[in-house]
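The values are calculated or read from the model by the stated rules, or taken from the named source; none is laboratory data. The model shown is predicted, which means the values in this text are computed figures rather than measured ones. Every residue, glycine as well, gets a Cβ built from its backbone with ideal geometry; the counts of neighbours run over all protein chains shown. Each accessible area value is taken on the protein alone, full model and side chains, heavy atoms only, with ligands, DNA and RNA left out. Shrake-Rupley method; radii C 1.70, N 1.55, O 1.52, S 1.80 Å.
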Amino acid sequence: AIVIRTLVAGVSPNDLEITITRDMVTLKGSREEIHESSDDDYFHRELFWGSFSRTILLPEEVMIDEADAHEKHGMLEIILPKLDKNRSTRLSVKSQQAK
């Protein structure tokens, strides 16, 4: 599987939008800034506020329907099972005979 981990601290899981294609993942969200003091009162800030979007090109195709995502303590983990290109199946041919 391909595993993507990213920090989403301050973003509610309900406010995250994850779009998956067979070769790409797009993550969108928004952090709302809470004004508790003016900007002049900060010595150092590391968090950013507002909307964000990240697109990640995948090294292999994945099975979209089996993807899973979990968030815990601000860490988002997306698990994408790889598509098995070597897998094969035997297809039987059905005949429809005229009555």
Counting only protein heavy atoms with a 1.4 Å probe and every protein chain in place, the carbon and sulfur fraction of the accessible surface of the stretch 52-99 in whole percent equals 48
Going by average Cβ density within 10 Å per residue, which order do the peptides 81-93, 52-64 take, highest to lowest?
52-64, 81-93
With the cut-off at 1.5 for a/c, could you classify the stretch 56-99 from its C-alpha gyration tensor as rounded, prolate or oblate?
prolate
If I stretch the segment between E32 and A1 completely, what's the gain in nm (0.36 nm per residue apart, minus their alpha carbon distance), one decimal?
7.9 nm
Between the modelled labels at H70 and S53 (7 Å from Cα along Cα→Cβ) the distance in nm is 3.0
